[in-house]
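The values are calculated or read from the model by the stated rules, or taken from the named source; none is laboratory data. Note that this is a predicted model, so its numbers are computed, not measured. Cβ placement follows ideal geometry from the backbone for every residue including glycine, while neighbour counts extend to all protein chains displayed.
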Amino acid sequence: MDAQRTLRRQISCVGIGLHSGNKVNLTLKPAPADFGVRFRRTDLGHHEVPATVNNLAGIQLATGLANNEVSVETVEHLLAALVSVGIDNVIIELNSPEVPIMDGSAAPFIYLIHEAGVKRLSAARKYLKIVRPIAISRGDKRIALYPSDHFKVTYSISYDHPLLRHQSRTLRITEESFVDEIAPARTFTFLKDVEMMRQNGLALGGSLENAIVLGETGILNNALRFEDEFVRHKILDAVGDLALVGYPVIGHLVAHRAGHALHTEFAAKVLDEADAWRVIEAPFEPAVIPFGAKIKATAPGLAAT
Ligand SMILES: [Zn+2]
């Protein structure tokens, strides 16, 4: 059985909020089966904000949630890490409205989850399996989900910037591929936008420590982690925003020039179109091989029996 999972023990870290620039304490705590992913504001009476599209709040430059006027912001990188590593149930305590930005990627959250360890719970995991296409387009921005046997993402971006024209990538998202190929990809911004954000009191915690900054003629950071780090980060954002449907998705997500506003509008549309998906339990049960059955050889030297 493909069981629901939580953390083996609680774990904490300290970082800063990207927009406020304030120090934030983050603690991830184990939770029981069918609890889901819920934020808890320890500075506001431990008020809970479940990570679902029902609690979507204003999307400015990152994805925000709110419940009874209690908000949590910049949730997407942490949600992407949790869903990709298969943590179905967790309490996320914050003493401030913003999830800390860490290094602008999901890699520090993966590190925390791995340090805490993973615990299997005695309940089957549920998946949202796409059975017919769902799509939204806004001008040249598009996002869609198609039926597939796996969770796959195809993302393409194009910008009018000498260092960032067109990038595209398709990846089947598994725990391993997410950890190796997507989690380390950092958020990025353009220097001209940084000045505008600062004037509006945003990105006060932003620095070259937590974002790739593209100037007119070069990247202000020393080096990229991947040649196509930009599109990989867009995949990270899309995985985190789609996690707001409340279940891991089985389907092929295809997005072109989308962003948080379109990702989250799409996540809400997915839940609305209830005839386009089914909730299924644990589809990846290990195959039971009947006694005496032929096993296909999978590698040279491995003899079929
Ligand atoms: Zn991001």
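Observations, loosely collected:
- Among the residues examined, His233 qualifies as at pLDDT 95 or above and either on the phi > 0 side of the Ramachandran plot or buried (at least 18 other Cβ atoms within 10 Å of the Cβ) (or both).
- Condition check for Pro147 on (1) within 25 Å of Ala185 (Cβ to Cβ); (2) modelled with pLDDT of 95 or more; (3) not hydroxyl-bearing (Ser, Thr, Tyr): one failure, at (1).
- Contacts under 8 angstrom Cβ, first residue in segment 121-147 being under 12 Å from His252 (Cβ atoms), partner surrounded by fewer than 17 Cβ atoms within 10 Å (Cβ to Cβ) and polar (S, T, N, Q), 6 or more apart: Ile130/Ser148; Ile143/Ser137
- Any hit, segment 5-25, residues being more than 16 Å from the ligand (Cβ to nearest atom), of a type in the set (A, V, I, L, M), within 19 Å of Ile235 (Cα to Cα) and buried (at least 18 other Cβ atoms within 10 Å of the Cβ): no
- Test: residue in segment 189-199 that is within 14 Å of the ligand (Cβ to nearest atom), surrounded by 15 or more Cβ atoms within 10 Å (Cβ to Cβ) and at pLDDT 90 or above: yes
- Restricting Pro300, Pro248, Pro290, Pro283 to residues that are at pLDDT below 90 and under 27 Å from Val37 (Cα atoms) narrows the list to Pro283.
- For segment 226-278, taking the residues that are of a type in the set (D, E, K, R) and away from the ligand (no atom under 16 Å from the Cβ), the one that is nearest to Ala80 (Cα to Cα) is identified as Glu265.
- The set of residues in segment 111-142 that are within 26 Å of Gly206 (Cβ to Cβ) and crowded, with 21+ Cβ neighbours inside 10 Å contains only Ile113.
- One residue stands out in segment 172-187 among those that are touching a residue at least 60 places away in the same chain (Cβ under 8 Å) and in contact with a strand residue (DSSP E or B) (Cβ under 6 Å, 6 or more places away or on another chain): the one that is surrounded by the most Cβ atoms within 10 Å (Cβ to Cβ), namely Arg186.
- Beta carbons closer than 6 Å, at least 6 apart along the sequence or on distinct chains, never pair a first residue in segment 38-54 that is under 15 Å from Leu244 (Cβ atoms) with a second that is surrounded by fewer than 14 Cβ atoms within 10 Å (Cβ to Cβ) and of a type in the set (A, V, I, L, M).
- Flag for Ser96 being of a type in the set (S, T, N, Q) and within 16 Å of the ligand (Cβ to nearest atom): no
- Qualifying positions in segment 200-225 - farther than 15 Å from Gly21 by Cβ and within 13 Å of the ligand (Cβ to nearest atom): Ile212
- Elements of the type strands (runs of 3 or more DSSP E) sitting completely within segment 148-239 and holding at least 2 residues that are within 17 Å of His256 (Cα to Cα) and hydroxyl-bearing (Ser, Thr, Tyr): these cover 151-161, 164-172.
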